[in-house]
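Below: one structure, written as structure tokens.
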Amino acid sequence: MVQSEALLLPLSLVGIVAASMTAALAAGRRSMDWVGVVLLGSVTALGGGSARDMMLGNYPLVWVHEPYLLAVTSVAALATIMLSPVIHRFRNLFLVLDAVGLVAFTIVGCDVALKGGQHPVIVIVAGMITGCVGGVLRDVLCNDVPLLFRSELYASVAVVTGLLYVIGLRIGFNPDLVSAVALTAGLAFRLLAIRYRWEMPKFVYERD
Amino acid sequence: MVQSEALLLPLSLVGIVAASMTAALAAGRRSMDWVGVVLLGSVTALGGGSARDMMLGNYPLVWVHEPYLLAVTSVAALATIMLSPVIHRFRNLFLVLDAVGLVAFTIVGCDVALKGGQHPVIVIVAGMITGCVGGVLRDVLCNDVPLLFRSELYASVAVVTGLLYVIGLRIGFNPDLVSAVALTAGLAFRLLAIRYRWEMPKFVYERD
Amino acid sequence: MVQSEALLLPLSLVGIVAASMTAALAAGRRSMDWVGVVLLGSVTALGGGSARDMMLGNYPLVWVHEPYLLAVTSVAALATIMLSPVIHRFRNLFLVLDAVGLVAFTIVGCDVALKGGQHPVIVIVAGMITGCVGGVLRDVLCNDVPLLFRSELYASVAVVTGLLYVIGLRIGFNPDLVSAVALTAGLAFRLLAIRYRWEMPKFVYERD
């Protein structure tokens, strides 16, 4: 991992907390019980990295190696229940933290694949899996078509972040600089996409 | 595996049969065909152990090493079709067998992780995954929000069983005694929870 | 892999393209965006082989080793969007290509497990997983009960193809001959099943 690890670890933790809390709210919308809230929060927050490592054959999984992460996701999910009467006031803060998580997860995922000596395409895919699969699991477990497939620039943000990161390192720029640029650009892209409701064109097919 | 393996293996088989049969009934409620019944039964009965081993990087998976288990799950699922006209009379028996399966799966799952030298928290999580993921796969494949997340003490029973088991072994009690106590306590907890409709508090969040 | 690999590779590519295109149409029926179309196509086309290898502990996954496959699935999915105004005219062609894919995937999956020294039952199951899991993932991500469980001879075709293949090799026939016979018989079975609407009997259970 590059030297910017010192920055990426706390940002990943922010992402883990934000992912667990948004999943807890999704659980609350379906009136799940407290155990369901904790499980859905933990699966959402840790599912992306787990999927990446299970696809790359990269063991142990992060939370198996660092079980304290399960405490982080559980506390974040339970705190969401306590905070639920006031949490809507922080909606914009959540959107920002979730975006920070997406971008940080993506770069961490790229790093893991880079250290494994993977092809650049797989490095970017590993970043995207890390950033996006948690939310897909959350939506499948809530019995929704995953938001990732329907709208919003989410996977696209991960791809752009990963591309900037991989190309920057390939060119030979300083890794810390590359991380910082990819993080900032990815975050700006995501927030602008939310602010201005950017969407990918949709494919509508109505025949049977 | 502790010496009580002589007891855990038959109890796990009971759990595998019960899980396949309840999944077959769920398949019948959605009018699946016979192949679907066998597939759903097998995935439900063997999915928990498979998920645990894929997360721990523990190969070969149990059913890959012991293919006869696929025959057990298939026969159990097909027998359910034959028995369906009278099976509702055995509803209470099923609830008991399913509870036996949950508790036995949990202890077996803890054992696998213990043998792998995992952290106590991961041991308990491995037990819970073994006991609970099969039912989650069944519900996702039936297009339901997993029952595990919605109500009933199911994951909680797995956690309590795992805790008793891990703490008992840590203290240094005889492994057979610890297994027996964890099994009995977990089973009693589950059956009392069903009988008296114990539920975890729910988190209801209605804002968008 | 047997010498008929020269035939199986192009047939598998046909299957990958057909799977990605049918998944893209399913995405279009749910008005997914272009990114969702590419993701759903890729997951469907490569999910069966990935599930097989993750269950067998067989790393690296095929697409991690051959990243060009991600380009194939992405281009196939995007081409489907372009071709959508006329694609219904080729409905029968798609059914044939999808059947070719199912049978080719099955034989490739059997081969992978055979090379890993697996039990014959696991060889057939590995073939079925390779042929069928992609469609299950597509249906789960589209929030449908998997078609595989509901009707049509699909898993059955994979099992028959795998059985012919494994038994033929066991008897000691020439591997190329065995591949050709299993391919042809599986394909004929699938096409006849579609043409004459063969179905497995259904299990209908209406009690709670």
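The values are calculated or read from the model by the stated rules, or taken from the named source; none is laboratory data. All values reported here derive from a predicted model rather than from experimental measurement. As a convention, Cβ positions derive from the backbone with ideal geometry for all residues, glycine included, and neighbour counts pool all protein chains shown.
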Q: With respect to A:L153, determine if the residue is closer than 16 Å to A:A188 by Cβ, modelled with pLDDT of 95 or more and of a type outside the set (D, E).
A: no
(Q) From the list A:L46, A:L13, exactly one residue is under 28 Å from A:V178 (Cα atoms), assigned to a helix (DSSP H, G or I), more than 12 Å from chain B (Cβ to nearest Cβ) and not acidic (D, E). Which is it? (A) A:L13
Q: Taking C:C142 as meeting all but one of (1) closer than 30 Å to A:L147 by Cα; (2) surrounded by 22 or more Cβ atoms within 10 Å (Cβ to Cβ); (3) touching a residue at least 24 places away in the same chain (Cβ under 8 Å), write down the number of the exception.
A: (2)
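From A:L95, A:L70, A:L102, which residue is out of contact with any Gly (no Cβ under 9 Å at 6 or more places or on another chain), at pLDDT below 95 and not polar (S, T, N, Q)?
On inspection, the qualifying residue turns out to be A:L95.
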Q) So which residues in segment B:154-183 are in a loop (DSSP other than H, G, I, E, B) and either surrounded by fewer than 20 Cβ atoms within 10 Å (Cβ to Cβ) or of a type in the set (K, R) (or both), if there are any at all? A) B:G172, B:F173, B:N174
Q: Go over the candidates C:L141, C:L147, C:L163 one by one and state the one that is out of contact with any His (no Cβ under 7 Å at 6 or more places or on another chain) and at the interface with another protein chain (Cβ under 8 Å from one of its Cβ atoms).
A: C:L141
Q. Going by the conditions given, is C:I107 in contact with a Cys (Cβ under 8 Å, 6 or more places away or on another chain), farther than 29 Å from A:V145 by Cα and crowded, with 24+ Cβ neighbours inside 10 Å?
A. no
Q: State which residue pairs qualify: first residue surrounded by 24 or more Cβ atoms within 10 Å (Cβ to Cβ) and inside segment A:118-131, second residue basic (K, R) in any location, beta carbons under 7 Å apart, and separation of 6 or more residues or different chains.
A: A:A126/A:R52; A:I129/A:R52; A:T130/A:R52
**Q.** Among residues of segment C:26-43, those that are in contact with a helix residue (DSSP H, G or I) (Cβ under 8 Å, 6 or more places away or on another chain) and at the interface with chain A (Cβ under 7 Å from one of its Cβ atoms), counted
**A.** 12
Q: Filter segment C:48-58 for residues that are in contact with a helix residue (DSSP H, G or I) (Cβ under 6 Å, 6 or more places away or on another chain) and either crowded, with 24+ Cβ neighbours inside 10 Å or of a type in the set (D, E, K, R) (or both) and give the result.
A: C:G48, C:G49, C:R52
Q. Hey, does segment A:145-153 have a residue that's outside any helix (DSSP H, G or I) and of a type in the set (S, T, Y)?
A. yes
Q | Criterion violated by C:M21 - all others in (1) farther than 27 Å from B:A51 by Cβ; (2) away from every other protein chain (no Cβ under 14 Å); (3) within 13 Å of the chain's Cα centre (by Cα) satisfied | A | (2)
Q) So B:V38 fits all but one of (1) farther than 30 Å from A:V62 by Cβ; (2) free of Cβ contacts under 8 Å to residues at least 40 places away in the same chain; what number is the exception? A) (2)
